[in-house]
Amino acid sequence: MRGPLLRHHLKSILRAPIWSGKQLLTNLLVGLFVLYLLANLTVVGLLFDYVIEESMPGTDPQALLNRALLPVFLVLLVVRYLLQASPELRLRPYLHLPLSRPRLAHYAQLTSLTSTQNLYPLFFFLPYAGANLLPSYGPVATGSWLVGVLLVLLISHYTVVLLRMYVGVRLGRFALVLAAGTLLFVADRFVGGQWLPAFSEATFSGLLTQPALALIVLGLGVAGLYGAAYRLTLQRLYPETDRGLPAPTAPRFQALERLGLEGALISNELRLITRNRRPRQMVLSSVLLFALGLYMMLASASAEVSFNLAIWAFLISAAGFLNYGQFMFSWEGAHFDALLSRAIPPERLIRSKLYLLCATCVLFGGIAVPVVLLVEPSYLNVLLAMAVYNAGLTVPLVLLMATFNNKAVQLGGSSLLNYQGTGLHHFVWILPIMLIPTIVLAMLGLSGLALLGLAAFGLVSLLAYPMWTRFLAQRLRARRHLMAASFRSS
């Protein structure tokens, strides 16, 4: 059975849409961009020691890299979570066949290793080891170091597999995992122990001097994570009724429903998120973007780099709605006709969506405030100014962009590399919205006057929400029939 399964997997790779003649120019540009990135990784790996010695005299390049590896792998977990597919997805076509479920679970775990997230780091590490480690440490130590790096890649891979299966469909558990990681980061920075870089340096330096113990520990970690991923995959191959679990139900938000029509509409939006996979995964991606922005902001060495600090402060409060909010009407594409047939004034529909998006801005900003107070209190003014700006101006602009959508979004699909219902404009028009306030702050500096002006601008726009509501309602009223017809045909 392994032969046919592996042949099917190889055919799925060779028959991927990227190899077809459709959208040839787009595929060619993407391929050239990928080759450019791989060439950059290779050159940086070959010249890493030289660049560090020239730019940071007196610094040991190997010690610097060893100290940075685990923190970098931790940050890349966010990228992996967003881009790496769950291995169980490729098993669905086989579930009705008389095939061994345990073997299918092993097949899923092993073929998932062909993910590009496991391949592109090798374009840095292999040239680096050959050019910088091999002449100094010899083949045995260099080989041990490379094996250790591969084992850490495998640990990162199966950690993401477990996270996707265990918390990918449960917001509560995902929030607990994210909160635990944030607390560990805050404790490390607040106490000043810097335990993660120190542990990283001890691990990878040990691979060069005493590799046996480090390789055994990393190998046991890979084996444990593989076993856990295999067992969870095997469990998820059976229907929920066979596992004795209750069928999932969407919760009711009765407190919101008692607040009138706007509250009922917000409740319906939240139920749509909890009931359907694609919007739920987009919300999880927003949470990850928030965590990445918070980490990068707090990891900034100083506030001298105004642009970097402003861009991360923008993402912290805007992560909850910047991407999801663009599809506020597309999410309802399947029942948009029914929505129009009800006696719901466009003003109240727009008001409910404005309140929901603004609430995510307040929620994410409120979560970030105590963390920033504990770690870097000097960044609090930047965070608050950008949060007020986002709540006042960015939220209405994102909802305005949502009225331009003419494609319904399929709610049941995965959001992983799924561009159904999206277009290039969804990625392009985020840039001016995000870059204008950050560039202004970078030009004026992070002075109190500049931050106060940004916050005042956002506050004025926030107070003008009734005007925004009327304007967006007129926009929706003018385009609703065109949107409904487009949703039906998409």
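The values are calculated or read from the model by the stated rules, or taken from the named source; none is laboratory data. Keep in mind that this is a model prediction, so the values were computed, not measured. Reconstructed Cβ throughout: ideal geometry from the backbone, glycine too, with neighbour counts over all protein chains shown. Just the protein is used for accessible areas: all its heavy atoms, side chains included, with ligands, DNA and RNA removed. Shrake-Rupley method; radii C 1.70, N 1.55, O 1.52, S 1.80 Å.
Matching residues to (1) over 16 Å from the mean Cα position of the chain (by Cα); (2) in contact (Cβ under 8 Å) with a residue 60 or more places away in the chain; (3) under 13 Å from Asn390 (Cβ atoms):
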| residue | (1), (2), (3) |
| --- | --- |
| Arg258 | yes, no, no |
| Glu269 | yes, yes, no |
| Leu294 | no, yes, no |
| Phe307 | yes, yes, no |
| Ile344 | yes, yes, no |
| Arg348 | yes, yes, no |
| Ser352 | yes, yes, no |
| Phe364 | no, yes, yes |
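Out of Leu38, Leu70, Leu46, I need the residue that is in contact (Cβ under 8 Å) with a residue 60 or more places away in the chain and under 23 Å from Phe199 (Cβ atoms). Which one?
Leu70
Screening the range 49-76 for residues that are closer than 16 Å to Val152 by Cα and either in contact with a Ser or Thr (Cβ under 6 Å, 6 or more places away or on another chain) or among the β-branched types (Val, Ile, Thr) (or both) and picking the one that is modelled with the lowest pLDDT gives Val75. Of the residues making up the range 84-106, those that are assigned to a helix (DSSP H, G or I), out of contact with any Phe, Trp or Tyr (no Cβ under 7 Å at 6 or more places or on another chain), open to solvent by less than 70 Å² (accessible area, probe 1.4 Å) and within 16 Å of Met165 (Cα to Cα) are Pro87, Glu88, Leu89, Leu91. From the list Leu122, Leu126, Leu151, the one residue that fits, being closer than 27 Å to Thr209 by Cα and touching a helix residue (DSSP H, G or I) at 6+ places or on another chain (Cβ under 6 Å), is Leu151. From the list Leu315, Leu356, Leu349, Leu309, the lone residue that is more than 23 Å from Ser486 (Cβ to Cβ), open to solvent by less than 30 Å² (accessible area, probe 1.4 Å) and at pLDDT 90 or above is Leu356. Apart from one condition, Val395 fits all of (1) within 15 Å of Phe327 (Cβ to Cβ); (2) at pLDDT 90 or above; (3) open to solvent by 20 Å² or more (accessible area, probe 1.4 Å); the exception is (3).
Taking the criterion of being open to solvent by less than 30 Å² (accessible area, probe 1.4 Å) and either of a type in the set (Gly, Ala, Ser) or more than 18 Å from Leu133 (Cα to Cα) (or both), the residues of the range 206-218 that qualify are Gly206, Ala214, Leu218. Is there a residue being surrounded by 13 or more Cβ atoms within 10 Å (Cβ to Cβ), modelled with pLDDT of 85 or more and within 30 Å of Gly227 (Cβ to Cβ) anywhere in the range 26-47? No; the residues of the range 26-47 include none that is surrounded by 13 or more Cβ atoms within 10 Å (Cβ to Cβ), modelled with pLDDT of 85 or more and within 30 Å of Gly227 (Cβ to Cβ).
Condition test on Leu119, is it modelled with pLDDT of 85 or more and either under 26 Å from the mean Cα position of the chain (by Cα) or within 30 Å of Ser286 (Cβ to Cβ) (or both)? Criteria met by Leu119. Whether any residue in the range 265-273 is charged (D, E, K, R) and either out of contact with any helix residue (DSSP H, G or I) (no Cβ under 9 Å at 6 or more places or on another chain) or modelled with pLDDT of 80 or more (or both) is what I want to check. The answer is yes; a qualifying residue exists.
Of the residues making up the range 261-299, those that are surrounded by fewer than 18 Cβ atoms within 10 Å (Cβ to Cβ) and among the basic types (Lys, Arg) are Arg271, Arg275, Arg277. Could you say whether any residue in the range 124-141 is within 20 Å of Ala198 (Cα to Cα), open to solvent by 30 Å² or more (accessible area, probe 1.4 Å) and modelled with pLDDT of 80 or more? Scanning the range 124-141 turns up no residue that is within 20 Å of Ala198 (Cα to Cα), open to solvent by 30 Å² or more (accessible area, probe 1.4 Å) and modelled with pLDDT of 80 or more.
Restricting attention to the range 1-25, and to residues there that are among the hydrophobic types (A, V, I, L, M, F, W, C) and modelled with pLDDT of 70 or more, which single residue is surrounded by the most Cβ atoms within 10 Å (Cβ to Cβ)?
Result: Leu5.
Would it be correct to say that Ala223 is assigned to a helix (DSSP H, G or I) and modelled with pLDDT of 85 or more? The answer is yes for Ala223.
The range 252-300 holds helices (runs of 4 or more DSSP H) entirely within its bounds, and those carrying 2 or more residues that are small (Gly, Ala, Ser) map to 261-275, 277-298.
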